[in-house]
Amino acid sequence: MGSASALEATAAISTMVREAATTENPEILQWVTEVAELTKPDAVVWCDGSQDEWNRITSEMVEAGSLIALNKDLRPGSFLARSHPGDVARVEDRTFICSENEADAGPTNNWCAPAEMKAELMPLFDGSMRGRTMYIVPFSMGPVGGAITQLGIEITDSPYAVLNMRIMTRMGQAALDGITPGSEWVRTVHSVGAPLEAGQADVAWPCNDLKYITHFPETLEVWSYGSGYGGNALLSKKCFALRIASVMGKSEGWMAEHMLLLKLTNTETGKSYHISAAFPSATGKTNLAMLQPTIPGWKVETIGDDIAWLRPGPDGRLRAINPEAGFFGVAPGTGESTNPVAMDTMWGNTIFTNVALTDDGDVWWEGKTDAVPEHLIDWLGDEWTPESGKLAAHPNSRFTVPIQQTPTLADDWFEQDGVPLDAILFGGRRATNVPLVAQSLSWQHGVFMGATISSERTAAAEGTVGELRRDPFAMLPFCGYNMADYWGHWLDMGEKLGEGAPKIFQVNWFRKGADGSFLWPGFGDNSRVLDWIIRRVEGEYEGRQTAIGTLPAQDELNLSGIEQIEDKLDELFAIDAESWLAECNLTDEFFAQFGDKIPSALVAELSDLRARLSA
Ligand code: OXD
Ligand code: MN
């Protein structure tokens with residue numbers, strides 16, 4: 001193209017952006033224009049989040065063959081998407097924190113200098129939306145106008161991302177109107193990296209083998225290229241609400257955490273409590289958030305299943321919101337027997353990705369029902385029978401569903417300024433050492449518990465079986481800055497909160513006995529642990545002090561009705577000083593990678609723990 005016509009084309013793109021714009025904010029107009037001039041889309045849509053818009057985009061995608069409409073009687077308003085088989089999960093090795101200083105990303109993140117990364121990315125984004133529609137998706141994380149809420153915009157060339165963003169966030173005009181000139185907001189750009197030349201036919205799931213998920217914490221930007229899947233493409237979630245928000249929180253005095261949020265009500269006294277809990281990915285956060293107690297006297301209501309933002313309120317207590325508006329849950333293992341609330345939630349208006357299609361136009365995945373269908377179309381679009389010897393649904397297949405469909409949704413999800421937190425739980429998936437529940441001896445000791453969350457490796461493919469995989473605060477892939485500075489921020493927050501700080505507990509549903517079987521039934525019976533936790537918060541129970549924290553004293557844990565649990569209790573709560581001391585040595589090694597950044601308070605906690613274990 002000659003330079004005169006290139007200029008004309010740029011002017012035409014700019015006109016296309018501005019003519020359709022639904023805002024007059026010059027900062028937004030300038031940024032969107034710049035991105036459009038760079039990516040060169042064929043069309044521009046400013047999203048309003050309306051039902052009409054949803055209907056139009058879903059119809060277009062069904063027409064184009066990139067969504068399958070499910071049976072309206074069985075699963076109204078719902079669709080199935082099948083991704084490219086090479087684009088099925090977050091790509092951690094292609095995820096970068098681009099802070100000016102490498103030390104600010106820390107040893108647990110991939111780092112690249114911002115200018116260098118931009119120089120690498122801009123040629124890729126140049127023309128990356130050619131032949132496609134560019135959608136401008138304004139969204140609010142939290143109720144618009146709330147004390148903990150933040151706003152952002154995602155520019156994307158993926159209509160699938162737009163639909164998911166409408167479920168996962170409060171998306172639309174109110175969010176756009178909330179972004180006023182000079183205010184703080186997060187700019188995110190997403191392209192599947194598959195421009196279409198004139199006349200070229202599209203594929204059902206465009207993407208690129210080359211992928212980049214990049215974060216610029218100093219300028220509050222995310223640039224994501226090459227993937228259409230989950231956290232790579234729905235930039236409000238892991239990219240903004242955890243990686244970028246963790247950095248915002250550090251400088252502004254709040255916290256962005258990989259935590260579920262639930263409300264627990266004592267049905268006898270009517271008093272309610274709020275608990276947040278951090279667990280590594282795929283360890284049942286959604287199940288705990290939707291728990292159905294097996295003991296009387298408690299009601300659990302859901303506020304969030306993945307992310308919580310925590311900020312001190314005017315009363316000095318830590319207040320929490322779930323910044324999201326939907327669930328992007330892992331389908332396999334979610335079923336009538338394990339999580340009936342989730343099954344009810346996805347009655348309709350749900351996008352399923354990479355699950356199997358039944359002959360009557362509904363969906364199925366491993367663990368959905370005990371009975372296995374005789375025939376399916378699997379996640380790859382191939383014929384499937386139980387004899388096929390392969391999975392019908394991809395192990396990371398998902399459901400995206402509005403949180404407001406949850407039968408156990410707490411009113412608190414709507415709370416403009418969040419709810420006061422009573423307790424914070426940290427949990428790993430530990431076959432050994434870690435007891436069912438332990439309360440930290442102090443906030444500082446609780447931060448140590450969070451910093452040392454780990455799980456034993458389970459499959460040989462992931463490394464040596466039994467080796468500890470550390471996932472501090474369940475934030476390993478999600479902390480947008482140096483992990484050791486993040487621990488320092490937690491310590492500072494505890495000091496600021498003082499007496500108003502929530503109590504901290506470590507839990508482990510996954511301990512195994514000598515025979516290799518799980519010692520604790522889990523699921524609804526985890527309500528028994530929540531019961532003990534709240535009674536500790538209320539000072540009703542004494543507990544018993546041990547080297548690793550406060551455990552339930554004899555008879556404090558309500559075990560009535562669990563069969564044959566008495567003979568397992570010793571193993572479930574055993575603290576073997578020798579293996580704990582061996583674990584302390586591993587913690588030394590783990591801490592060592594952070595050099596002098598490691599807060600002295602955590603080094604002190606480790607040496608105090610050793611002293612208590614050796615006493
Ligand atoms: C998620 C994750 O998808 O943690 O929530 O990976
Ligand atoms: Mn998660």
**Request:** State which residue is nearest to residue 319 (Cα to Cα) when the search covers only segment 266-289 and only residues that are more than 15 Å from ligand 1 (Cβ to nearest atom) and not in a strand (DSSP E or B).
**Result:** 271
**Asked** Residues of segment 486-533 being closer than 20 Å to residue 600 by Cβ and either of a type in the set (Lys, Arg) or not assigned by TED's automatic domain parsing to the domain that holds residue 556 (or both), which ones?
**Response** 496
**Request:** Report those helices (runs of 4 or more DSSP H) wholly inside segment 469-573 carrying at least 3 residues which are closer than 30 Å to residue 268 by Cα.
**Result:** 526-537, 569-573
**Asked** Say we look at segment 248-285 and pick out the residues that are at pLDDT 95 or above and of a type in the set (Ser, Thr, Tyr); which of these is farthest from ligand 2 (Cβ to nearest atom)?
**Response** 269
**Message:** Of the residues 119, 147, 115, 175, only one is buried (at least 23 other Cβ atoms within 10 Å of the Cβ) and modelled with pLDDT of 95 or more; which?
**Reply:** 175
**Item:** segment 290-342 - residue that is among the hydroxyl-bearing types (Ser, Thr, Tyr) and assigned to a loop (DSSP other than H, G, I, E, B) and, of those, surrounded by the fewest Cβ atoms within 10 Å (Cβ to Cβ)
**Value:** 337
**Message:** Restricting to segment 343-371, count the residues that are in contact with a strand residue (DSSP E or B) (Cβ under 8 Å, 6 or more places away or on another chain) and either surrounded by fewer than 15 Cβ atoms within 10 Å (Cβ to Cβ) or closer than 27 Å to residue 291 by Cα (or both).
**Reply:** 14
**Message:** Can you pull out every residue in segment 79-107 that is under 14 Å from residue 479 (Cα atoms), within 16 Å of ligand 1 (Cβ to nearest atom) and surrounded by fewer than 19 Cβ atoms within 10 Å (Cβ to Cβ)?
**Reply:** 92
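One line per residue, one yes/no per condition, for (1) over 19 Å from residue 222 (Cα atoms); (2) in the same structural domain as residue 163 (by TED's automatic domain parsing); (3) part of a helix (DSSP H, G or I):
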residue	(1), (2), (3)
12	yes, yes, yes
16	yes, yes, yes
22	yes, yes, no
28	no, yes, yes
33	no, yes, yes
36	no, yes, yes
44	yes, yes, no
49	yes, yes, no
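Which is touching a strand residue (DSSP E or B) at 6+ places or on another chain (Cβ under 7 Å) and assigned to a loop (DSSP other than H, G, I, E, B), of 148, 155, 167?
Answer to the check: 148.
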**Message:** For the condition touching a residue at least 40 places away in the same chain (Cβ under 8 Å) and within 21 Å of the chain's Cα centre (by Cα), what is the one hit in 435, 402?
**Reply:** 402
**Complete:** The number of residues in segment 230-247 that are away from ligand 2 (no atom under 13 Å from the Cβ) and out of contact with any Phe, Trp or Tyr (no Cβ under 8 Å at 6 or more places or on another chain) is 4
**Asked** Among the strands (runs of 3 or more DSSP E) contained in segment 410-456, which hold 2 or more residues that are touching a Phe, Trp or Tyr at 6+ places or on another chain (Cβ under 7 Å) and of a type in the set (S, T, N, Q)?
**Response** none
**Request:** Take residue 415 and decide whether it is acidic (Asp, Glu), assigned by TED's automatic domain parsing to the domain that holds residue 534 and either without any contact (Cβ under 8 Å) to a residue 12 or more places away in the chain or within 28 Å of residue 537 (Cα to Cα) (or both).
**Result:** yes
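Yes or no, residue by residue, for (1) surrounded by fewer than 24 Cβ atoms within 10 Å (Cβ to Cβ); (2) within 30 Å of residue 554 (Cα to Cα); (3) among the β-branched types (Val, Ile, Thr):
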position	(1), (2), (3)
437	no, yes, yes
448	no, yes, no
451	no, yes, no
455	yes, yes, no
458	yes, no, yes
466	yes, no, no
469	yes, no, no
489	yes, no, no
493	yes, no, no
**Prompt:** If you check residue 235 against the conditions, is it modelled with pLDDT of 95 or more, buried (at least 21 other Cβ atoms within 10 Å of the Cβ) and outside the structural domain of residue 308 (by TED's automatic domain parsing)?
**Reply:** yes
**Item:** Complete set of residues in segment 247-267 that are of a type in the set (Gly, Ala, Ser) and within 13 Å of the chain's Cα centre (by Cα)
**Value:** 256
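The values are calculated or read from the model by the stated rules, or taken from the named source; none is laboratory data. Everything numeric in this text was worked out from a predicted model, so none of it was measured. Note: ideal-geometry Cβ built from the backbone for every residue, glycine included; neighbour counts use all protein chains shown.
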